[in-house]
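Notes follow once the structure below has been shown.
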Amino acid sequence: EPEVTQTPSHQVTQMGQEVILRCVPISNHLYFYWYRQILGQKVEFLVSFYNNEISEKSEIFDDQFSVERPDGSNFTLKIRSTKLEDSAMYFCASSDVTAYNEQFFGPGTRLTVL
Amino acid sequence: GIQVEQSPPDLILQEGANSTLRCNFSDSVNNLQWFHQNPWGQLINLFYIPSGTKQNGRLSATTVATERYSLLYISSSQTTDSGVYFCAVEGPGNTGKLIFGQGTTLQVKP
């Protein structure tokens, strides 16, 4: 069964460093998303991406964040100048042709900023 | 924006018991999904159910869109059902943005 994959599963970084989180969405999906979950809290939407551009972004997704689809399979989230409060689980998701279709989530990358 | 409220926040069951989890939402929705977050943090899709009723084994779900709520039923619960159950909805706008509830933490005791 096709699934969304994410690498790395866990990343530890120093405050102020840049990190890139990687995702491989399900191959025939065209909509891609990033969400994050701070420990013990609910999952929060960050950004949606379609046709090589951002469809919607939350107020959390400020200039510190960027997304890219560098090739036909990967979808990345870059966090510049990381802060302690960026520590969270980051989930990538993808969905089929229409935006209302079911979203499938990857296993997450746990980011720890020291 | 759309509000999503789940109840109860916490639930403790004995193995074999049944339970009902509720999700209320404040506006019309285009998408509603139920997830189970396992102890490793993974979000497992349970149901895609913007309306109607679906069943998958011991789990079933019903969404009454006109009354803005959804219910997740777990029958004959097992210890592996433990974890956090999230309801997530997509409101109008066609951007795919899912708004999650705070979740229901379920503990099933042997």
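Diffusion coefficient (Stokes-Einstein, Kirkwood radius over C-alpha pairs, 37 °C, 0.692 mPa s) for the range B:66-110: 258 µm²/s, rounded to a whole number.
In a simple Cβ point-charge model (Lys, Arg +1; Asp, Glu -1; nothing else charged), the range A:5-113 has a dipole of about 320 debye relative to its Cα centre. At a Cβ-Cβ separation cutoff of 4.7 angstrom, no cysteine residue of the protein assembly as shown is without a neighbouring cysteine. For the chain pair B and A, the interface hides roughly 1900 square angstrom of accessible area in total, found with a 1.4 Å probe. Computed over protein heavy atoms with a 1.4 Å probe, the accessible surface of chain A works out to 50 Å² per residue. Build a GNM of chain A with springs between Cα atoms under 10 Å apart, and of A:R22, A:R36, A:R80 the one that fluctuates most is A:R80. Spacing of the modelled spin labels on A:N28 and B:S7, each 7 Å from Cα toward Cβ, amounts to 4.2 nm. Within the assembled protein chains, the solvent-accessible surface assigned to B:S26 is about 50 Å², based on a 1.4 Å probe. Think of the range A:2-114 as a dipole: +1 on every Lys or Arg Cβ, -1 on every Asp or Glu Cβ, centred on the Cα centre; then among A:Y33, A:Q103, A:L114, A:L114 lies furthest on the positive end. Each residue was assigned an accessible area with a 1.4 Å probe, and for B:T79 the value is about 60 Å². Solvent-accessible surface of the range B:4-109, taken per residue with a 1.4 Å probe and all protein chains present: 45 Å².
Charged neighbours of B:S76, selected by a Cβ distance under 15 Å, balance to 0 (K, R count +1; D, E count -1).
Treating the beta-carbon of each Lys and Arg as +1 and of each Asp and Glu as -1, no other charges, what is the dipole magnitude of chain B about its Cα centre, to the nearest 20 debye? Magnitude of the dipole: close to 140 debye. Close lysine pairs were tallied over the protein assembly as shown: pairs 8 or more places apart or on different chains with Cα atoms under 30 Å apart number 13. Considering every Cα-Cα pair within chain B, what fraction, in whole percent, is farther apart than 20 Å? Distances greater than 20 Å cover 35 percent of the Cα pairs. Considering chain A as a Gaussian network with a 10 Å cut-off on Cα pairs, which listed residue, A:V19, A:V97, A:V67, attains the greatest mean-square fluctuation? Among A:V19, A:V97, A:V67, the largest GNM mean-square fluctuation belongs to A:V97.
Across A:G16, A:G72, A:G40, mean-square fluctuation computed from a Gaussian network of chain A (C-alpha pairs under 10 Å connected) peaks at A:G40.
Assign one of three labels to the range A:1-102, namely rounded, prolate or oblate, based on the Cα gyration tensor with a ≥ b ≥ c the square roots of its eigenvalues; rounded applies when a/c is under 1.5, prolate when it is not and a/b is larger than b/c, and oblate otherwise. In terms of gyration-tensor shape, prolate.
Which whole-angstrom value gives the distance between the alpha carbon centres of the range B:1-23 and the range A:1-60? Their Cα centres are 27 Å away from one another. For the protein assembly as shown, the extents of the C-alpha atoms along the principal axes are 48, 36, 34 Å, listed from largest to smallest. Report the Cα centroid-to-centroid distance between the range B:26-43 and the range B:78-110 in angstrom, as an integer. Going from one Cα centre to the other spans 4 Å.
When B:K97, B:K109 are compared by accessible area of protein heavy atoms, the largest-first order is B:K109, B:K97, using a 1.4 Å probe.
The values are calculated or read from the model by the stated rules, or taken from the named source; none is laboratory data. No experiment lies behind these values; they were computed from the predicted model shown. Cβ: placed from backbone, ideal geometry, glycine included. Neighbour counts: every protein chain shown. What goes into the accessible areas is simple: the full protein's heavy atoms, side chains included, and nothing from ligands, DNA or RNA. Shrake-Rupley method; radii C 1.70, N 1.55, O 1.52, S 1.80 Å.
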